[in-house]
Every structure is written in structure tokens, then in C-alpha cells.
Amino acid sequence: MEQLLQETLAAFEKEYGRKPQWVVTAPGRVNVIGEHTDYNDGFVFPMAIERGVVIAAAPAVSGDEVPQGKAKIFSIAKKKSALVALGGNIRPYDYVRWFDYVQGVIAGALQEEGNWQVPSFVAVIHSNVPLGGGLSSSAALEVATATLLEAILEKKMDPVRKALLCQKAEHEFAKMPCGIMDQFISVMGKKDHLMLLDCRSCEPTMIPFTAQEYSILITNSKVKHALSGSEYPERRSSCHTAAEKLGVASLREVSKEQLEAGKERLTDQQYRRARHVVGEIERTVAAADAIKKGDYETLGQRMYASHQSLRDDFEVSCRELDILVEIAQKIGLAGGVYGSRMTGGGFGGCTVSLIQTAKMNEIIATLRKEYQQQTQIEPEIFVTRPAQGAEIIDN
């Protein structure tokens, strides 16, 4: 993150010829366990990662050629600038533009806060969260934007409202019906802690993860399979229909015994989708309990079981993700790997693994070599500790 910060500051000076007045950062996240449980009112267990988004900004001056009531943002990744509105009737476009994540947060903040008057500004955005890897690059950008507004206006939003504001921007402007996890952990992440988030009550519980001998390894498969677009809605629909047939508001309320007793009321697909969710909620709570007890073998076992369920019952894995988990299992406890699973929505993206920090280099080398041999793809692999959530950087 320090390198990312320095690159952003240098880019701002190059683009605008002066130093920024405000600098903010917000992290991406990895979900250690608890996949596709959020929209079923279950539990998720994410942590902020040591990669994120940095935004540097300053008040607009005449030489910036920024119209009144607008802000100019430059994306290092896109190598282009865009103007976003700071007032008026801001509506989502029919299609998603790269800067709509920023525009959506600004629109929502103005609507929610009512009396906010945001002055024209210029900004540079930089990120080192892999795009399309399921590590919440979009939530990091949204939360960084909300944090920038706090810095500019010298105001502080309630953390829950801030996260929900960013989620609303993703729903309305990015047209992605995401759950609450990504924005919550990016706002409220805490160094050396994981977050057990109750998606029904929106209540976060911070779980210490201070043992330096263990780390989280993220492996980007570098694939994202083209889908028809119906996969995510179909799974949400199957879960909600299963809950209705079982006579409950959500699958959060169903035990394994109740699911088995009501199996005949469900189609085979609905039963398998529900079996994943019911089991995953149980695994997530058990994983949090295991960390509290320092029982990392149990946590690893829950991660492997989660992957198997996502692969077989929820059917959101893919061959590349399965290969990465199989390699991790082959390395095993003797080689320093406790557990591994796909993370994110599925069909590509990343795996998350719990490893011994001391054996990190050997594990990475084996994963890279064997995955490349089997897929002819070079993965992106990095180790992270639980990171701090969004913050304003003293500049």
C-alpha cells in the first residue's frame, strides 16, 4: 500500500502540477469462508486485505478547466479522465461507465445527507486490487470515494450508513445486486482482525487473528469464464424459492434436520442449493469459533468443505479453481497448507488459503509451477495479513 500511495501522489503532481490536499485509502477484501450466504441472511467471514484503492484530490483551480458543479477524476488504470456531477438530478445511465462507482456514491451521499455542498475538485484514482478476481475492487473504490467526501467536507458518516450508501451505489449505478459484505469490511476492517458479519442484523463482530505464524494466501487463477448472466440470479431465486417452500423467511432459519425433513417439497436443484447455504452458515460460525480457540486445523477443514459444497451443490466453481485447491490439498499440512477454497462469486477469480507463514515461499513456488503445468496460465499469488479499513491519510 505504501508503494501504491507514492505512485498516486506522483501521478497527481504530474496530472495537476501540484500536491493533493486530501488523500484517502480503502482496502479490497477476501472472504475467508461464507460464500453465497449473505443474501440468505447468513454469516460471512471476510477480512480487509493489504491491497486497495488510493484517491488523491485537491480543490479545483481555474487551470484545471473543471466546470462549476463538477469534479474531474483521472484513473491511472484507464489512463483517462472523466467529469462527475456534484449536484442536480443525478441519475444512473442505461449502461455502466468506469466512473459510475464514484458518481453513484456522490449521488447517494448528496441525497442521504441533504445539506452537503461538495466543492469542485480534481482527483487521481489508483488501485492494486486485481480486477475481476473477486476481491472487491469496486467496493474499495466506492468506500474510498465516500471517505474522500468525508475528508473534503470534514464530516464523519456513521460506518453502517456509509457502507449501505456504497452498497446502494453498486446496486443502482453499477447495476450489481451485491450483498452487504464487501462494503462493510472495506469501511470497518481492522488490522489483525477478521469480521464475522451477521447479514440479517448487519452486526459485525471483530475476531482477532494476531498469530504471525499463519497468513492468508490469495491465488488469482487469472480466469473468469464468460457466463450467460443468469447464473447469479438463478441461484438467488433457487434459495428464496426453497425458503418459501420450507415456510421460512430465509434459509438462515433452516437447520440441517429441517432441510432433510422438507426435502420432498424441493426440486433436486433447490435442495442442493439450500444444502450448501445451510451447511455454509454452520461452517462459517464454526470457523470463527476455531480462530478464537486457535484451532487452525479445524478452520482449514471447514475451508475445504466449503469448496467442495460450492463445487458440487452450488455449482459455482470451475476447473481452474478446483486445480488450485487440489494442489493446496496435495501440499497439505506437512507442507504448510491448512485449508483452501474458492472465494467470491465463482466461475473464476481467486482461491484463499490458510498457510504457515514460514513455508510461504515453498508453497507459492509449488502452486505456481503445478498450476502453470496443468493450465498454461501463470497465476498471480500474494500473501496478506488482515488490514485496516478505510482511512484518511495525513498528507
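Each reported figure results from applying straightforward, stated rules to the coordinates on display, with no laboratory input. What you see is a predicted model; the values in this text were computed from it and never measured. Cβ placement follows ideal geometry from the backbone for every residue including glycine, while neighbour counts extend to all protein chains displayed.
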(request) Please turn the phi angles of region 262-267 into ³J(HN,Hα) values with the Karplus equation 6.51 cos²θ - 1.76 cosθ + 1.60 (θ = phi - 60°), one per residue in order, whole Hz, x for glycine and proline. (result) x, 4, 5, 7, 10, 6
(message) Taking R0 as 25 Å, what FRET efficiency do you get between GLN376 and ASP312 from their Cβ-Cβ distance, rounded to the nearest 0.05?
(response) 0.45
(request) Starting at the first residue of region 93-99, write each ³J(HN,Hα) from the Karplus equation 6.51 cos²θ - 1.76 cosθ + 1.60 with θ = phi - 60°, in whole Hz, x for Gly and Pro. (result) 7, 5, 10, 9, 9, 4, 8
(message) If you average the alpha carbon positions of region 301-359 and of region 167-196, how far apart do those two centres end up, in angstrom?
(response) 23
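Using the Cα gyration tensor of the chain, with a ≥ b ≥ c the square roots of its eigenvalues, what is the shape: rounded (a/c below 1.5), prolate (a/b larger than b/c) or oblate (neither)? List each step's numbers first, then the result.
Details: a/c = 1.95, a/b = 1.44, b/c = 1.35.
Verdict is prolate for the chain.
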(message) Just to be sure I understand the model, the point goes 7 Å from the Cα along the line to the Cβ. What's the resulting GLU213 to GLU391 distance in nm?
(response) 2.8
(request) Quick one: among VAL44, VAL32, VAL316, which has the greatest mean-square fluctuation in a GNM of the chain with alpha-carbon springs under 10 angstrom? (result) VAL316
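Once every DSSP H run of n ≥ 4 in the chain is given -39500 (n - 2.57) and the sum is divided by its residues, what mean residue ellipticity at 222 nm do you get, rounded to the nearest 500 deg cm²/dmol?
Details: 11 runs with 161 residues, N = 395.
Mean residue ellipticity, 222 nm, calculated: -13500 deg cm²/dmol.
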(message) Name the residue from ILE49, GLY346, LEU86 whose Cα lies farthest towards the positive end of the charge dipole of the chain, charges +1 on Cβ of Lys and Arg and -1 on Cβ of Asp and Glu.
(response) LEU86
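Tell me which GluC sites (Glu not before Pro) from region 123-186 have a DSSP coil assignment and no more than 16 other beta carbons within 10 Å of their own.
Numbers: sites: GLU142, GLU150, GLU154, GLU170, GLU172; in loops: GLU154.
Those satisfying the criteria are GLU154.
Stretch ASP289-ASP158 to full length: gain in nm at 0.36 nm per residue minus the Cα-Cα span?
Numbers: separation 131, 0.36 × 131 = 47.16 nm, distance 2.83 nm.
Gain on stretching ASP289 to ASP158: 44.3 nm.
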(message) Over 27 Å between Cα atoms: which of LYS156/LYS293; LYS224/LYS369; LYS72/LYS175; LYS78/LYS175 fall into that group?
(response) LYS156/LYS293
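Quote to one decimal, in nm, the extra length available between TYR95 and ALA77 on full extension: 0.36 nm per residue of separation minus the C-alpha distance between them. Intermediate results must be reported in sequence, preceding the final value.
On the way: separation 18, 0.36 × 18 = 6.48 nm, distance 1.98 nm.
So the extension gain works out to 4.5 nm.
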(message) Skipping prolines and chain starts, which residues have an amide H placed within reach, meaning under 5 Å, of the one on ASP192, given they are 5 or more residues away or on another chain?
(response) ALA387
(message) Between ARG319 and MET206, what is the label-point separation in nm under the 7 Å Cα-to-beta-carbon projection?
(response) 4.5
(request) List the GluC sites (Glu not before Pro) within region 1-105 that fall in a DSSP loop (any state other than H, G, I, E or B) and whose Cβ has at most 10 other Cβ atoms within 10 Å. (result) GLU65
(message) As an exercise, use a Förster radius of 35 Å and the Cβ-Cβ distance of ARG368 and GLU231 to find the FRET efficiency, rounded to the nearest 0.05.
(response) 0.75
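Do any trypsin sites (Lys or Arg not before Pro) in region 37-85 lie in a DSSP loop with no more than 13 other beta carbon atoms within 10 Å, and if so, which?
Details: sites: ARG51, LYS70, LYS72, LYS78, LYS79, LYS80; in loops: LYS78, LYS79.
Within region 37-85, the qualifying trypsin sites (Lys or Arg not before Pro) (loop, at most 13 other Cβ atoms within 10 Å) are LYS78, LYS79.
For region 198-238, what does the alpha-carbon gyration tensor say about shape, rounded, prolate or oblate, given a ≥ b ≥ c as the root eigenvalues, a/c under 1.5 as rounded, and a/b over b/c as prolate? Walk me through the numbers on the way to the answer.
Values: a/c = 5.60, a/b = 1.38, b/c = 4.05.
Oblate is the answer for region 198-238, as a/c is 1.5 or above yet b/c matches or exceeds a/b.
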(request) Classify region 211-299 as rounded, prolate or oblate from the Cα gyration tensor: take a ≥ b ≥ c as the square roots of its eigenvalues, call it rounded if a/c is under 1.5, otherwise prolate when a/b beats b/c and oblate if not. (result) oblate
(request) Given the options SER255, SER127, SER353, state which has the largest fluctuation in a GNM of the chain using a 10 Å cut-off (strictly under) for Cα springs. (result) SER255
(request) For the chain, with a Gaussian network of springs between Cα atoms less than 10 Å apart, report the residue from GLY34, GLY132, GLY52 with the top mean-square fluctuation. (result) GLY132
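Compute, for the chain, the length of the dipole vector about the Cα centre, with Cβ point charges of +1 (Lys, Arg) and -1 (Asp, Glu) only. Units Debye, rounded to 20. Could the numbers behind the result be given before it?
On the way: 45 positive and 50 negative charges, 92 e Å.
Using only the charged Cβ atoms, the result is roughly 440 debye.
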(request) Note down the nm distance, to one decimal, between modelled labels 7 Å out along Cα→Cβ at ASP192 and at GLU2. (result) 1.8
